[in-house]
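Following: one structure in structure tokens, then a few remarks.
The values are calculated or read from the model by the stated rules, or taken from the named source; none is laboratory data. Computed from a predicted model, the values in this text were never measured in an experiment. Please note: Cβ atoms are built from the backbone with ideal geometry, for glycine as well, and neighbour counts cover all protein chains shown. Areas reflect the complete protein model, heavy atoms only, side chains present, ligands, DNA and RNA absent. Shrake-Rupley method; radii C 1.70, N 1.55, O 1.52, S 1.80 Å.
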Amino acid sequence: MSAIRSSDSLSWRLLDFFSNHFSVTALGQKMVALAPTLEREAIAPNMLGNFEDMLLAVMHHPTMLIYLNNDRSFGPNSKVGKRSKKGLNENLAREMMELHTLGVNSGYTQADVIELAKGITGWSVALPLKDYNVGFYYRDNGHEPGKRILLGTEYPQQGEAQGTTMMTDLARHPSTAKHLCFKLAKHFISDTPPQSLQDKMFKRWQETNGNIKQVMIAMINADESWHPQSVKFKTPREYIISAHRALNLTPKNHQSLIWSLNLLGQSPFKANSPEGYGDIEANWNGPSALMSRIDWSAQLVKRRQRTNPKVLSQQLFADTLSDNTQTLIQHAESRQNALTLLLMSPEFLRR
């Protein structure tokens, strides 16, 4: 709801991007409660800073540790591992390298995944009424002893610092810069962003040690980011926000927004995969998805039946609407149908 009212839509879209980049799925009572806190406590405060700070904040957060089972990952040769036979869990290490930092096909091996997983053993969550703090809790007796070797670099650090140093190096790796610059350009600019744009963003990433704000400024200032026509197909979330803004409507309540997102297929924290929701047109432009948007937009415009479709189309698009869209709106059977057609026009479906 705040994104609809805000005058700073870019920041809300950037928050949405990183929330999806570090996707967690809210399954079960514990994760339903925890999922929104990752976005609020770890992502938002670091959104305009250096990427390594966000990565460390996310990986220390109970939501991510529990979601990818690292709270129960113990080194085979640690005190806990020997005593209880609890083993190593590679989930967080694997997703961190494949999705959150380096990206798939960046040259790391299964051996690297295991080494990173061992480096973050003992990274856990405080137990109620037992540990003397809340949230993240490092269990030294669960940490795999010894040095680690990740991507050819040796990490002799002891305890929690070993995993922290490994993560910091992953955040600073050139493959991470390339992976994140591509994803940002794909999200904000085009499903197939020009390599020259990615290169400009990568250069700025390297110059600023991964400062997200500076990388975004480089993207905005690049000529390649601007097109005469809108090319990026809106996700359900973007579509819902833009439709409310276009009609100058405020959602009835938060539950109505959740219902809308559920209907259009982008329920909050329900991607059901650490990979998050898809970010290209093919993910959202199928027949059933479009029918859902038609049904939803037809219901929404009922709250603005007195709005003049021709006036609104001029306010939104000036003279850039295609002849076909203008004809459809002019010949619509009713004002409600005309407004629905405007919201379902190729021009409005893209940004």
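Dipole check for segment 1-108: with +1 at the C-beta of Lys and Arg, -1 at the C-beta of Asp and Glu, and the Cα centre as origin, the magnitude is about 700 Debye. Peptide packing: for 2-8, 267-273, the average count of neighbouring Cβ atoms within 10 Å per residue gives the ranking 267-273, 2-8, highest mean first.
Assign one of three labels to segment 73-122, namely rounded, prolate or oblate, based on the Cα gyration tensor with a ≥ b ≥ c the square roots of its eigenvalues; rounded applies when a/c is under 1.5, prolate when it is not and a/b is larger than b/c, and oblate otherwise. The shape class here is prolate.
Taking amide H atoms as placed 1.01 Å from N in the peptide plane, the amide H of Arg148 lies under 5 Å from those of Tyr155, each 5 or more residues away in sequence or on another chain. For segment 181-198, putting each phi into the Karplus relation 6.51 cos²θ - 1.76 cosθ + 1.60 with θ = phi - 60° gives couplings of 5, 5, 5, 5, 5, 5, 6, 8, 10, 6, 4, 10, x, x, 4, 5, 5, 4 Hz, in residue order, rounded to whole numbers and with x for Gly and Pro. Here segment 62-82 and segment 237-262 have alpha carbon centers that stand 40 Å from each other.
When the Cα gyration tensor is reduced to axis lengths a ≥ b ≥ c, the ratio a/c is 1.5 or higher for segment 283-351, and with a/b not above b/c it is classed as oblate.
The Cβ shell under 13 Å around Trp284 holds other residues with a net charge of +2, Lys and Arg each +1, Asp and Glu each -1. Inter-part distance, segment 198-227 to segment 170-192, computed on C-alpha centroids, equals 10 Å. Using only Cα atoms and rounding to the nearest 10 degrees, what angle (0 to 90) does helix 236-246 make with the longest principal axis of the chain? Value to nearest ten degrees: 40. With all protein chains in place and a 1.4 Å probe, the accessible surface of segment 203-270 carries 51 percent carbon and sulfur.
Loop-located trypsin sites (Lys or Arg not before Pro) across segment 279-311 with a Cβ neighbour count of 15 or fewer within 10 Å are Arg306, with loop assigned by DSSP. Straight-line reach from Lys310: taking Cα to Cα under 22 Å and skipping same-chain neighbours fewer than 8 places apart, the lysines in range are Lys302.
Accessible surface for Ile294 stands near 70 Å², nearest 10, in the context of the full protein assembly shown (1.4 Å probe).
Each residue of segment 315-330 was assigned a 3J(HN,Hα) from its phi angle through the Karplus expression (A = 6.51, B = -1.76, C = 1.60, θ = phi - 60°), giving 5, 7, 10, 6, 9, 8, 5, 5, 4, 5, 5, 4, 5, 4, 5, 5 Hz with x at Gly and Pro.
Rolling a 1.4 Å probe over the protein heavy atoms gives segment 1-117 an accessible area of 43 Å² per residue. With contacts taken as Cα pairs under 8 Å and at least 6 residues apart, segment 203-329 reaches a relative contact order of 20 percent. Computed over the chain, relative contact order equals 17 percent, with contacts defined as Cα pairs under 8 Å that lie 6+ residues apart.
Hey, got a sec? Which chymotrypsin sites (Phe, Trp or Tyr not before Pro) in segment 279-319 land in a DSSP loop and have at most 15 other Cβ atoms within 10 Å?
none
Net charge around Ala3, counting only other residues with Cβ within less than 10 Å of its Cβ (Lys, Arg = +1; Asp, Glu = -1)? Result for the local shell: +1.
Amide H to amide H, with H built 1.01 Å from N, Ser124 comes under 5 Å of Tyr137, Tyr138, Arg139, counting only residues 5 or more places away or on other chains. Surface composition of segment 1-136: carbon and sulfur atoms hold 53% of the protein heavy-atom accessible area at a 1.4 Å probe. Relative to the longest principal axis of the Cα atoms of the chain, the long axis of helix 9-21 lies at roughly 40 degrees. A simple packing score, the average count of other Cβ atoms within 10 Å per residue, orders the peptides 97-108, 67-78, 250-261 as 67-78, 97-108, 250-261, with the highest score first.
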